[in-house]
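For reference, the structure discussed in these notes is given below.
The values are calculated or read from the model by the stated rules, or taken from the named source; none is laboratory data. For clarity, every value in this text was computed on a predicted model and none was experimentally measured. When we count neighbours, we look across all protein chains shown, and the Cβ atoms used for this are built from the backbone with ideal geometry, even at glycine.
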Amino acid sequence: MTTSSQARQRAVQFAAAAVLALSAWSAQGANYLIDDFGSPAAPGISVLTGESENSFVQFTDTVAGGVRGVYHRAYLNPLGSVSAVIAGNGVLSSSDGIGVTSEVLVSYGAFTNPTGTPGTAGPLLGLDVTPYNAFQVDFGGIAQQMNINIVMYSSTPLDAGSVSPTYYTIASVNVAPDVPGGPLNLVLPFATMAGGFNFASVDGVVLVLNRAVGNVTNNAFNVDSFALVSAVPENSTAALVLAGLGVVAIMSRRRRPV
């Protein structure tokens with residue numbers, strides 16, 4: 001087994017412990033709002049009725065980098081049901097019909113493709129995330145269990161002459177509300193002390209929502225906001241959360257985000 005494969009395996013082993021402790025983290029102090037989905041007033045809409053995909057970009061000064069990219073894919077839809085996504089006017093909303101399994105990616109900065117030209121990245125954010133140690137995703141409601149993943153990208157590795165990573169991934173976690181359809185305030189910590197990645201210059205962020213969780217279909221959720229926060233764990237769970245940071249995996253360096 002290669003070193004990278006071993007690291008990924010260890011990350012999966014730590015994931016369960018980390019998820020158990022996430023609810024004990026509370027956002028305190030500094031925060032940076034990436035998106036509250038308030039704009040545009042006329043929201044973007046994607047509707048799929050088969051196993052297909054769609055994407056669109058939205059330009060607004062209210063989000064990091066001034067552009068939001070939305071990718072919507074229904075990869076299981078045997079009955080031809082409707083899968084719909086709405087972004088803007090105060091919410092990011094997704095709803096899948098009977099038998100549908102889908103995913104939604106919301107991207108910012110270098111992960112966007114504002115010109116529509118393949119291979120052309122969006123604006124570099126140059127965002128210093130060192131004052132923060134977690135992302136917070138506030139859900140107005142989630143119908144059932146879903147999966148979440150967040151990736152950061154930097155175009156300026158700390159050591160340009162080596163294989164310093166340019167991607168930093170918070171490994172996928174499965175979450176669910178206390179009651180079906182209920183709200184959820186999720187805090188996902190990351191380790192700014194991780195070697196190699198340039199947290200002082202993050203150029204792209206992508207939020208991956210509802211990627212496959214077993215046989216879950218017919219899901220729905222509303223996201224009210226997405227932010228960087230300074231999160232402080234309760235003392236009783238601090239050690240467990242620090243151990244859970246092992247779920248964070250640093251991807252090998254690439255020339256640009258894909």
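Can you tell me which of (1) surrounded by fewer than 20 Cβ atoms within 10 Å (Cβ to Cβ); (2) closer than 30 Å to Phe199 by Cα; (3) modelled with pLDDT under 95 is the one Leu105 doesn't meet?
(3)
Select from segment 49-83 the residues that are under 19 Å from the mean Cα position of the chain (by Cα) and of a type in the set (Gly, Ala, Ser) and list them in ascending order.
Ser55, Ala64, Gly65, Gly66, Gly69, Ala74
Tally the residues that are of a type in the set (S, T, N, Q) and either part of a strand (DSSP E or B) or touching a residue at least 40 places away in the same chain (Cβ under 8 Å) (or both), restricting the search to segment 30-53. Steps first, please.
Taking segment 30-53 and keeping what is of a type in the set (S, T, N, Q), we get 31, 39, 46, 49, 52.
Then keep just the ones that are either part of a strand (DSSP E or B) or touching a residue at least 40 places away in the same chain (Cβ under 8 Å) (or both); that gives 31, 39, 46.
Residues that pass the stated criteria total 3.
Looking only at segment 53-74, count how many residues are in contact with a strand residue (DSSP E or B) (Cβ under 6 Å, 6 or more places away or on another chain) and more than 19 Å from Val151 (Cα to Cα). I'd like the intermediate steps shown before the answer.
Narrowing segment 53-74 to residues in contact with a strand residue (DSSP E or B) (Cβ under 6 Å, 6 or more places away or on another chain): 53-59, 63-65, 67-74.
With the extra rule that they be more than 19 Å from Val151 (Cα to Cα), the set shrinks to 53-54, 56, 58-59, 74.
Summing the residues that are in contact with a strand residue (DSSP E or B) (Cβ under 6 Å, 6 or more places away or on another chain) and more than 19 Å from Val151 (Cα to Cα) in segment 53-74 gives 6.
Looking at segment 197-234, which of the residues that are under 29 Å from Asp159 (Cβ atoms) and part of a loop (DSSP other than H, G, I, E, B) is modelled with the highest pLDDT?
The residue in question is Asp203.
Out of (1) surrounded by fewer than 20 Cβ atoms within 10 Å (Cβ to Cβ); (2) under 23 Å from Ala227 (Cβ atoms); (3) of a type in the set (A, V, I, L, M), the odd one out for Val70 is which?
Going through (1) surrounded by fewer than 20 Cβ atoms within 10 Å (Cβ to Cβ); (2) under 23 Å from Ala227 (Cβ atoms); (3) of a type in the set (A, V, I, L, M) one by one, Val70 breaks only (1).
Give Phe56, Phe111 a once-over and let me know the one that is within 29 Å of Ser230 (Cβ to Cβ), of a type outside the set (D, E, K, R) and touching a residue at least 12 places away in the same chain (Cβ under 8 Å). Outline the logic, then answer.
Details: Phe56 fails: within 29 Å of Ser230 (Cβ to Cβ).
Residue meeting the stated conditions: Phe111.
From the set of residues in segment 75-94 that are at pLDDT below 95 and in a strand (DSSP E or B), which is nearest to Gly204 (Cα to Cα)?
Restricting to residues being at pLDDT below 95 and in a strand (DSSP E or B), the top hit is Val91.
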